[in-house]
Amino acid sequence: EEVDACLQRLRQATQHERTRTNLALALGVVGELDEAFALMDRLGWDVPSLIELRVDPLLRPLRADPRYGQLLRRLGAS
């Protein structure tokens, strides 16, 4: 319930790019991969966020998905 409440607050506070990035990453961590990848496709990635996307160990669920490699290639970060 707490996770759902936190995600809902993040969904409502997406006026800032970093908040949208955090939401996408949090969705990946909790296994909401479809929503995470849909959001990540619309983000304007900055260098720190790209580094996080590449190395954060919490994002293993994203890396196991074929869409992860496609996303990195689109972003020029593969």
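The values are calculated or read from the model by the stated rules, or taken from the named source; none is laboratory data. Every value quoted in this text rests on a predicted model; they were computed, and no experiment measured them. Quick reminder, even Gly has a Cβ in these numbers, built from the backbone with ideal geometry, and neighbours come from all protein chains shown. Quick note on the areas: whole protein, heavy atoms, side chains included, nothing else; ligands and nucleic acids left out. Shrake-Rupley method; radii C 1.70, N 1.55, O 1.52, S 1.80 Å.
A few notes on this one:
- Derived scalar couplings ³J(HN,Hα) [the stretch 20-25; Karplus, 6.51 cos²θ - 1.76 cosθ + 1.60; whole Hz; x for Gly, Pro]: 5, 4, 4, 4, 4, 5
- Student exercise, the chain dipole from Lys, Arg, Asp, Glu Cβ charges, in Debye to nearest 20: 360
- Per residue, the accessible area of the chain comes to 62 Å², computed with a 1.4 Å probe over protein heavy atoms only.
- Helical content of the chain, expressed as a calculated mean residue ellipticity at 222 nm, amounts to -20000 deg cm²/dmol (DSSP H runs of 4 or more residues, -39,500 (n - 2.57) each, divided by residue number, nearest 500).
- Take the Cα of D34, step 7 Å toward its Cβ, do the same at L72, and the gap between the two points is 2.5 nm.
- Overall form of the stretch 22-70 per C-alpha gyration tensor (a/c, 1.5; a/b vs b/c): rounded
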